[in-house]
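Novice: Would you mind keeping the following structure in view while I ask a few things?
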Amino acid sequence: MASVILLLAAYGFWDLGDRRESRSLDNRLNRAWRHFDLYCLAESFKPSALRGFSRDKLHCGRTTAATFPFVSCKGSDTVLLLKWLYFVATLHLGSEPGSRSAQLTQLLQLIQLGANSGLAFSQGIYGHGLWLERSCALHLRKALREFFTAYSQLAHFSMHNGHVLFGFVPKLHALAHFKQDFDSFLRTSRSKCLNPGIYDCSMNEDFIGAISKQSRRVAFKRYQFERTVLTSYLVKTKMVLNKFMKERLASRGAP
């Protein structure tokens with residue numbers, strides 16, 4: 001999503017047409033944020049963590065790009081951004097065709113396809129239970145295929161136009177595995193398959209993050225690794241709680 005925002009900024013989609021306005025990236029990102037903020041206000045949405053768009057918040061280098069940009073946000077904010085980008089692309093596609101080149105029209109169509117298919121997949125897995133019917137699996141597989149098509153073509157466009165955007169990150173690789181799982185399921189005669197949402201940890205990502213961090217500090221021993229990780233986490237939790245209770249009692253003047 002950060003790549004889409006930066007790409008639209010590079011081609012002036014956030015410019016208002018005033019000759020006196022600054023066309024620097026920082027100012028364009030500021031105008032993009034105001035547009036997103038207005039969209040959320042109109043739709044009665046409230047971002048949970050996002051507070052603005054800037055080079056730092058989109059992890060975009062000022063002179064050189066050592067890494068690809070990305071938005072560090074909650075899953076709920078990801079859905080809001082996808083809805084907004086779909087709205088932006090649809091809005092510009094509905095304007096006069098003569099106001100932009102055929103290349104930029106194709107760019108907007110790819111952004112629209114990617115945002116719509118991303119929403120279809122994310123809302124599809126959350127809108128179902130543990131098991132998916134074959135028709136639902138087909139729908140999610142189609143959403144993934146369209147998302148990969150849009151993403152790869154946007155990456156191709158960026159590479160050939162000098163933009164360091166749309167990196168092929170591990171998350172994209174993980175999504176591709178879901179498509180392969182759907183393909184394998186649809187080749188069988190089974191009536192249902194597992195929902196990819198079973199691997200989602202966004203409901204308790206802080207706990208998952210703490211456990212994952214702790215696991216990297218524990219020596220691996222077969223058949224004991226999980227118990228050691230959880231035991232060390234519980235020990236640390238007990239120590240934190242004891243410290244909290246002592247400080248609370250001390251603040252109350254307890255002996």
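Novice: Once Lys and Arg get +1 and Asp and Glu get -1 on their Cβ, which of PRO47, LEU138, PHE36 lies farthest toward the positive end of the dipole of the chain?
Specialist: The residue sitting most towards the positive pole is PRO47.
Novice: Moving to a separate point now. At 1.4 Å probe size, what's the solvent-accessible area of PHE68? Round to the nearest 10 Å².
Specialist: We get 90 Å² for PHE68.
Novice: With the dipole of the chain worked out from charges on the C-beta (+1 for Lys and Arg, -1 for Asp and Glu) around the Cα centre, which of CYS193, GLY162, GLN106 lies farthest toward the positive end?
Specialist: Value computed over the given set: CYS193.
Novice: To continue, here is another question. Near the amide H of PHE166, under 5 Å away, which other amide H atoms are found, from residues 5 or more places off or on another chain, if H is placed in the peptide plane?
Specialist: Sorted by chain and number, the residues that satisfy this are SER3.
Novice: With charges set only on the Cβ (+1 for Lys and Arg, -1 for Asp and Glu), what does the dipole of region 103-197 come to about its Cα centre, in debye to the nearest 20?
Specialist: In debye, rounded to 20, region 103-197 gives about 260.
Novice: Aspartates and glutamates within cross-link reach of LYS142: Cα-Cα under 12 Å, excluding same-chain residues under 8 positions apart?
Specialist: The qualifying aspartates and glutamates are ASP183.
Novice: Here's something else I'd like to know. Just want the answer: with Cβ charges of +1 for Lys and Arg and -1 for Asp and Glu, which residue in PHE244, PHE121, TYR151 is farthest toward the dipole's positive end in the chain?
Specialist: Comparing the listed Cα positions along the dipole, PHE244 ranks first.
Novice: Next question, about the same structure. Add -39500 (n - 2.57) for each DSSP H run of 4 or more in the chain, then divide by its residues: what number comes out at 222 nm, to the nearest 500 deg cm²/dmol?
Specialist: Theoretical 222 nm ellipticity from helices: -20500 deg cm²/dmol.
Novice: Could I ask something else about it? Provide the gained length on full extension for the span PHE244 to LEU93, in nm with one decimal, where the gain is 0.36 nm per separating residue minus the Cα-Cα distance.
Specialist: Full extension of this stretch gives 48.7 nm more.
Novice: Follow-up question, since we're still on this one. Which of the lysines could a cross-linker bridge to LYS74, judged by Cα under 20 Å and excluding same-chain residues fewer than eight apart?
Specialist: LYS46, LYS57, LYS83, LYS171, LYS213
Novice: Moving on. Evaluate the charge dipole of the chain about its Cα centre and quote only its size in Debye, nearest 20, assuming +1 on the Cβ of each Lys and Arg and -1 on the Cβ of each Asp and Glu.
Specialist: With Lys and Arg at +1 and Asp and Glu at -1, about 1140 debye.
Novice: Any idea what the dipole of region 1-132 comes to, in debye rounded to 20, about its Cα centre with Lys/Arg Cβ at +1 and Asp/Glu Cβ at -1?
Specialist: Dipole size: approximately 280 debye.
Novice: Moving on to the next point. Identify all lysines with a Cα-Cα distance to LYS246 below 26 Å; exclude those on the same chain that are fewer than 8 residues away in sequence.
Specialist: Correct list for LYS246: LYS236, LYS238.
Novice: Show me the ranking of peptides 106-112, 181-187 by mean Cβ neighbours inside 10 Å, starting with the highest.
Specialist: Going by the mean number of other Cβ atoms within 10 Å, highest first, we get 106-112, 181-187.
Novice: Where in the chain are the DSSP H helices whose alpha-carbon span along the long axis reaches 20 Å or more and whose Kyte-Doolittle mean is at least 0.0?
Specialist: Length and hydropathy pass: 75-93, 102-126.
Novice: Which whole-number value in Å² is the accessible area per residue of the chain, probe 1.4 Å?
Specialist: Ligands and nucleic acids excluded, the figure is 65 Å² per residue.
Novice: Loop only per DSSP, at most 14 neighbouring Cβ atoms within 10 Å: give me the trypsin sites (Lys or Arg not before Pro) in region 68-113, ordered by residue number.
Specialist: Qualifying residues, ordered by number: LYS74.
The values are calculated or read from the model by the stated rules, or taken from the named source; none is laboratory data. Since the structure is predicted, the reported quantities are computational estimates derived from the model, not experimental observations. Every residue, glycine among them, receives a Cβ derived from its backbone with ideal geometry; neighbour counts consider all protein chains shown. Heads up: the accessible areas ignore ligands, DNA and RNA and are worked out on the full protein's heavy atoms, side chains in. Shrake-Rupley method; radii C 1.70, N 1.55, O 1.52, S 1.80 Å.
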